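The values are calculated or read from the model by the stated rules, or taken from the named source; none is laboratory data. Keep in mind it's a predicted model, so treat the numbers as computed, not measured. Glycine also receives a Cβ, built like all others from the backbone with ideal geometry; neighbour counts cover every protein chain displayed. Side chains are part of the model used for accessible areas, which takes the heavy atoms of the whole protein and leaves out ligands, DNA and RNA. Shrake-Rupley method; radii C 1.70, N 1.55, O 1.52, S 1.80 Å.
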Amino acid sequence: MAKTLVHEIAKNLYLLRIVDDNVKYFEALWEIPEGITYNAYVLKTKEGVILFDGWKEEYSDDFIKTLSEVVDIDEIKFIVVHHMEPDHTGSLGKVLDITKSKPEVIGRPMVKDMIRSFYNIEIKFKPIKRTEELVIGNHSLMFIPTPWLHWPETMVTYIKELKTLITCDAFGGYGVPHKVFDDEELDISQYLKGVKKYLTTVIGSYKAHIIKNIENLLKIKIEISVLAPGHGLLWRKNPSKIINYYYHLAKGEVKERRALVVYDSMYGFIDKAISTIVNILKKNKFNVEIFKFGDKKRPKMSEIISEASDSSFIVLGISTYENDLFPLMKNVLDMLIKKVNREVPVLLISSYGWGPVVGAKVLEILKDSRFKIVDVLQFRGLPNEDFEEKVKSIIDNVIK
Ligand code: FEO
């Protein structure tokens, strides 16, 4: 059985957490050697049990077993579906199948049809059309829509009496925390790296919605004692830390002098140019993160775009390949536009054998994006003699 954890996080409210040991590529796309958890929650009330979300389908049996340790499954009266992505709803079919109490599902209006389409199940359903409160037993639940965090049907739940906000994808992160809460975790800054990567890869395309939803949540002025996401660490000592972290990342705000360098080098020509650039960056006190597509190894896309989300300068080195961009760097550009797309200066360098085509193509690809190309330096084979001077002048201008 996979590693599971049950913890009472507030009176009669339990975290049900599983570590997904099997996944290597989240959403079959993002490399996550640090792993991921799925967090569901269950609340015992005087009027029956309320289940919030679930786990991925392959862990349905584990979910039922873990859930049964805390509550009588036949006492589940409501199932709150905050978000339909199957990492949170995969176990829903099994739960509905075995509960004799025939729970009512609560979710945004779109959820009913999605459950039918995803799982071929007809449900008793209560749609949440706007922010609204529902009193169940001795608890008042406020459901707050948070569209595009991560999908259009997402919402969060605030349990008034417990001052607990259950947020599903929002404020979650990759990684397997050692403990349950932020005040128990030894290395929060390490954990936040997984949060940055998670936000960029999973919800990065919807940054404007992250900002809007957080501003909306702050307007409601709820007091949060526990912030409980669907992935990773729970926050009780400092819930505003994770809220602010999400907010500032979504805004693309950068405090440090940090450069991201991403390039390919088939035969070492671009390597030489990059080495010159990195030296100049370091002399100018930049922290530099380098990702190279070479013939010995390849970087992880999830890490490239994560670093791009808060770098103050980006250098792209792209070889010419069959009259076009080196294909793997074309993919990097595509992901940068989709998931990062922020106002940040970008220097492009390119090496060619017989035709300088990459510069114009990249300018065309980026023309509707927010990235600001500060210069394009193209050279045949090795960089030209004046390359170093040009780069110094470009970086001087970037710093200004
Ligand atoms: Fe964790 Fe969008 O699912």
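In table form, for the structure just shown:
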item: Theoretical FRET efficiency, 1/(1+(r/R0)^6), r = Cβ-Cβ of residue 400 and residue 58, R0 51 Å, to 0.05; result: 0.45
item: Cα-Cα over 25 Å, subset of 112/221; 3/77; 24/193; 24/44; 3/251; 212/361; result: 112/221; 3/77; 24/44; 3/251; 212/361
item: Accessible area of the chain divided out per residue, in Å², using a probe of 1.4 angstrom; result: 45 Å²
item: Entries in 292/367; 197/241; 65/197; 46/160; 300/390; 330/400 that, when Cα-Cα distance is taken, lie over 21 Å; result: 292/367; 65/197; 300/390; 330/400
item: Region 370-393-region 153-180 distance, computed between alpha-carbon centres (Å); result: 46 Å
item: Modelled FRET efficiency - R0 41 Å, residue 187 with residue 322, Cβ distances, 0.05 increments; result: 0.35
item: DSSP bridge pairs, the chain: antiparallel proportion in percent, nearest 5; result: 45 percent
item: Choice from 257, 116, 17 with maximal GNM fluctuation in the chain (Cα, 10 Å cutoff); result: 116
item: C-alpha center-to-center spacing [region 272-313, region 1-64] in angstrom; result: 36 Å
item: Accessible carbon and sulfur surface of the chain relative to its total accessible area, %, 1.4 Å; result: 49 percent
item: Cα lying deepest toward the dipole's positive end in region 4-251, options 142, 66, 98, charges on Cβ; result: 142
item: Percentage relative contact order, the chain, counting C-alpha pairs under 8 Å, at least six apart; result: 11 percent
item: Positive-pole candidate from 54, 109, 79, dipole of region 53-109, charges at beta carbon; result: 109
item: Between helix 60-70 and the chain: long-axis angle, C-alpha atoms, 0 to 90°, nearest 10; result: 50 degrees
